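The structure appears below as structure tokens.
Read the figures in this text as sums done on the coordinates, not as results from a lab. All values derive from a computational prediction rather than experimental measurement. Heads up, the Cβs are rebuilt from the backbone with ideal geometry, glycines too, and the neighbour counts pull from every protein chain shown.
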Amino acid sequence: MDKGGTMPLSWHRESKPHKFCPGCGHGLVLKVLGELIDEMDLRERLLFGCDIGCSLLAWNFFNVDSVQTHHGRTTPVMVGLKRGKPDMVALAYMGDGAAYAIGSQHLVNAAYRNENIFILVVNNTVYAMTGGQMSPTTLAGQKTETSPYGRDTELAGQPTRGAEMMAAIAAEGAYVARGSVARMIQLKKFMKKALENQLAGRGLSFLEALSTCPTNWRTNARETWRFLEEDMAAYYPLGELSGPGKEVRGS
Amino acid sequence: MSSKESRFRLLKHEGVKGTFIICPGLCKGCGLCLERCPHDVIDWSEELGIYGTPRAAPARMDDCIACGICQLVCPDSAILIQKKQKKKA
Ligand SMILES: Cc1ncc(C[n+]2csc(CCOP(=O)(O)OP(=O)(O)O)c2C)c(N)n1
Ligand code: SF4
Ligand SMILES: [Mg+2]
């Protein structure tokens, strides 16, 4: 173990400790990814694309080729890279705001075209980097900077269930799932399947990870876990929604 | 050891079931592991960590079952649990 210390070998040591806040779920999602890069021997093959938002804090996170692009545009950038270099494994890493607000057109069209890339969305229910404004996935009644009395669904609509939307339009061969940083072993299993789906050339892989943002939620550790496991999981059920050998929900 | 690497110096705490290894240079003191430990092994350190707050420190190693949950939930990858091999009968 001493070779990598406590960190996965694919983590770029010079950039650690990483720039995410204490208790931020981005670090947990990227730890799972780092372990899979090591275990699946993807160091020379992965193209890591990150968005604007807190995901950009990962621009120098890994010892792999990385690109940081415009808000919501990571999907088309990684589609282009994958088409140009089909032997590489393309990953578009972004937040809920990037995926379901400004970048939703790209998500929909990548799904219809069944692009052979992996889209990994970190859902923390807020626009975190800009200070915690309401995002498409902010829960009904949830207080944010721009919904100080709680999200009013009459005005702001129902929170976006992105994985369900992707499953509804995904082509044959696509993989769609939702995991959570509260269930790290399951999250790793889903992420591995998403990467394998691309390696097998089956088309789009989509994984939403329910995540934490203690800074903008203004929560201590106990309340952070509670919000994630009770409030978020109640509206965003975990499981595989499409793909080969999927785990049926509730099992 | 280079100054960069001394950032990642490891502290080892021996327990009955395993060794709790923590990298003080990585722990930001979020407290997620404190909440998750099923045997309440982890507490806050006396000295301040890299973010100027107390960090996670195993205070009751006798109770540690080396389940590895704290390692699993650490967003900064600051913890490593080494389970002791069971002696063959
Ligand atoms: C085209 C454009 N519009 C708006 C912004 C401002 N902006 C920066 S980050 C961000 C929100 C990020 O939220 P999310 O995608 O959920 O990621 P998080 O920070 O929560 O991880 C916004 C709106 C921008 N940088 N570029
Ligand atoms: S603001 Fe939230 S999402 Fe961004 S790094 Fe901090 S905890 Fe993570
Ligand atoms: Mg967000």
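Partner chain Cβ atoms within 10 Å, averaged over the residues of A:223-230 - can you pull that number for me? Neighbouring Cβ atoms belonging to other protein chains average 1 per residue here. Rg/Rh for region B:3-83 (Cα atoms only, Rh after Kirkwood) is 0.94. Taking amide H positions as modeled 1.01 Å from N, with prolines and chain starts lacking one, the residues under 5 Å from A:V67 and 5 or more places away or on another chain are A:F48, A:G49, A:C50. Close amide H pairs (under 5 Å, H built 1.01 Å from N) link A:H12 with A:F62, A:N63, residues at least 5 positions away or on another chain. Cross-linked pairs A:K16/B:K86; A:K19/A:K85; B:K12/B:K84; A:K31/A:K192; A:K189/B:K17; A:K85/A:K192: Cα-Cα separations exceed 24 Å for A:K16/B:K86; A:K19/A:K85; A:K189/B:K17. Measuring between their Cα centroids, region A:1-58 and region A:202-223 lie 16 Å from each other. As a rough guide to protection, the peptides A:73-79, A:231-237 ranked by mean Cβ packing within 10 Å, highest first, stand as A:73-79, A:231-237. Dipole size of the protein assembly as shown about its Cα centre, with +1 on Lys/Arg Cβ and -1 on Asp/Glu Cβ: approximately 820 debye, rounded to the nearest 20. Sorted largest first, the principal axis extents computed over the alpha-carbon atoms of the protein assembly as shown equal 55, 49, 44 Å.
Working from Cα pairs under 8 Å separated by at least six residues, relative contact order for region A:50-157 is 22 percent.
By per-residue mean of other Cβ atoms within 10 Å, what is the highest-first order of A:194-201, B:76-83? Walk me through the intermediate numbers first.
Details: A:194-201: 18.2, B:76-83: 22.0.
Per-residue Cβ counts within 10 Å, averaged per peptide and sorted highest first, yield B:76-83, A:194-201.
Across peptide B:21-34, the mean count of Cβ atoms from other chains lying within 10 Å of each residue's own Cβ comes to 5.
With a 10 Å cut-off around each Cβ of B:66-75, the average count of Cβ atoms from other chains is 4.
When each of the peptides A:156-167, B:16-27 is scored by how many other beta carbons lie within 10 Å of its residues on average, the order from highest to lowest is B:16-27, A:156-167.
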